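The values are calculated or read from the model by the stated rules, or taken from the named source; none is laboratory data. Keep in mind the model is a prediction, meaning the values are calculated, not measured. Neighbour counts are summed over all protein chains in view; Cβ atoms, including those assigned to glycine, are modelled from backbone coordinates with ideal geometry. Accessible surface areas use protein heavy atoms only, side chains included; no ligands, DNA or RNA. Shrake-Rupley method; radii C 1.70, N 1.55, O 1.52, S 1.80 Å.
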Amino acid sequence: MTTRRFDAPADPPLHALYDDLAEKDLQPLWRLRGLLTPTPAVKAVPHLWRGKDLRDLGERAGRLVPVGRGGDRRVLSLSNPGLGGLPYATSTLWGAVQYLGPGETAPAHRHTPAALRFVLEGEGVWTAVNGDPLAMSAGDLILTPSWTWHEHHNPGDTPMTWFDALDLPLVEGLGAVFFEGGDGRTAATTSPAGHSASERRFGGGPGLLPGGTTASPPAHSPLLRYRWADTDRALAGQLSEPASRATRSGHAHIRYADPASGRDVMPTMRCEMDRYLPGHTAPAVRRTGSSLVAVFRGSGTVTLDGTHHDIEPGDLIAVPSWTAVRVLAHEALDLFTVSDAPVLEALALYRTEEVTEDAQTVAGN
């Protein structure tokens, strides 16, 4: 969006008006272009970060950069090429990989941007959220809601890498970022023995809530760890149901939900898991709002605005708003997705549509 200076010498009063408007930090609407567009004008671009590169660079950082050098986390943030060097994966979502070596601890802190962890591989690390110890294993989803104390511990002898997602760009745009260091604060426990407190209270299974659960729960899910075994069972159950839509299409889909309310796990972020079987076919779809996709298991091809990308475990994908997306599986393919959909829905700005192959080709050009 720019203003074009009026330089017609035959109209000096109008020329003077534009000079005076600029001096007072005002812009005439009748001269602005690009404020209202037929479709979203998105700066972020579809982009793929290779899992192999992320693992290799994380390991190098683990050898060369100790936790505490320049910050209390060893994190490689995804920087979308369309955002001018900002450390953001999309205009509303921060994405990153975090590497924690054997015996290391990332100390406690808290911040208003909400965060989540999806474990790509490995086990043995644990996260404490407000003192509640949560074991982390491959395929688990761990929540660290807004303004909760959280710290990461690796008591084992092998490193671990996981995917981080935060609503940081959105919260920054709203002028609401606050941060507080822990100043030596740490969880009282030394290991996550058994289930965490949040799992004992809210992880009993569908329809099983502790007595006394209020009708107006907190804005975020009270269950802070979603175990892969439960996710896997839900996906497999959809695909084994005779004559179900998932069985017919070869595509199972779940949304992680607050067990007390059925709402999204965070007010600003939606988490989903898809399983695609070979042979699944469906048209490309585009949606308002942006998302980040982590390839957990399997291989396939994702088409983004007509451009094809082969994908494998550990790959991370930025899908900006109104990008046409189509997925084809070469083998059973599990994709974890985090998006800003709850925000778009709350503001009545969420829309979706199927896209023809021709339209994808035009977008890709």
So the compactness index of the stretch 8-67, its C-alpha Rg divided by 2.2 N^0.38 Å, takes the value 2.39
When N is the residue count of the chain, what does its C-alpha Rg come to as a fraction of 2.2 N^0.38 Å?
1.11
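State in Å² the accessible area per residue of the stretch 216-340; use a 1.4 Å probe, count heavy atoms of protein chains only, and round to the nearest integer.
Details: 4830 Å² over 125 residues.
Roughly 39 Å² per residue, with all protein chains present.
At most 14 other Cβ atoms within 10 Å plus a DSSP loop assignment makes a site exposed; report the longest stretch of the chain without any exposed chymotrypsin sites (Phe, Trp or Tyr not before Pro).
That gives 179-365 as the longest site-free run.
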Relative contact order of the chain, pairs being alpha-carbon contacts under 8 Å that are 6 or more residues apart, as %:
15 percent
How long is the gain from Ala257 to Val285 if the chain were fully straight, where each residue apart is worth 0.36 nm and the alpha carbon distance is subtracted?
7.8 nm
At what distance in nm do the modelled label points of Glu172 and Val75 sit from each other, each positioned 7 Å from its Cα along Cα→Cβ?
1.1 nm
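On a full-extension model of 0.36 nm per residue, what is the gain between Trp147 and Asp232, subtracting their alpha-carbon distance, rounded to one decimal in nm? Working shown, then result.
Numbers: separation 85, 0.36 × 85 = 30.60 nm, distance 3.01 nm.
Gain on stretching Trp147 to Asp232: 27.6 nm.
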For the stretch 322-339, list residues with backbone N below 17 Å from a point placed 7 Å from the Cα of Glu354 toward its Cβ?
324-328
For the stretch 15-64, with every protein chain kept in place, what is the accessible area per residue (1.4 Å probe, Å²)?
76 Å²
What FRET efficiency, computed as 1/(1 + (r/R0)^6) with R0 = 45 Å and r the Cβ-Cβ distance, is obtained for Arg33 and Glu121, rounded to the nearest 0.05?
0.40
Taking every alpha carbon pair in the stretch 34-106 and sorting the distances into 5 angstrom bins from 0 up to the bin holding the longest one, the percent per bin comes out as 3, 15, 20, 18, 17, 11, 6, 4, 4, 2, 0
Residue farthest toward the positive end of the dipole of the chain, with Cβ of Lys/Arg at +1 and Asp/Glu at -1: which of Leu174, Pro66, His280?
His280
Loop by DSSP (not H, G, I, E, B), at most 16 other beta-carbon atoms within 10 Å: where is the longest site-free stretch of the chain for GluC sites (Glu not before Pro)?
122-330
For the chain, with all protein chains present and a 1.4 Å probe, just round the carbon and sulfur fraction of the accessible area to a whole percent.
55 percent
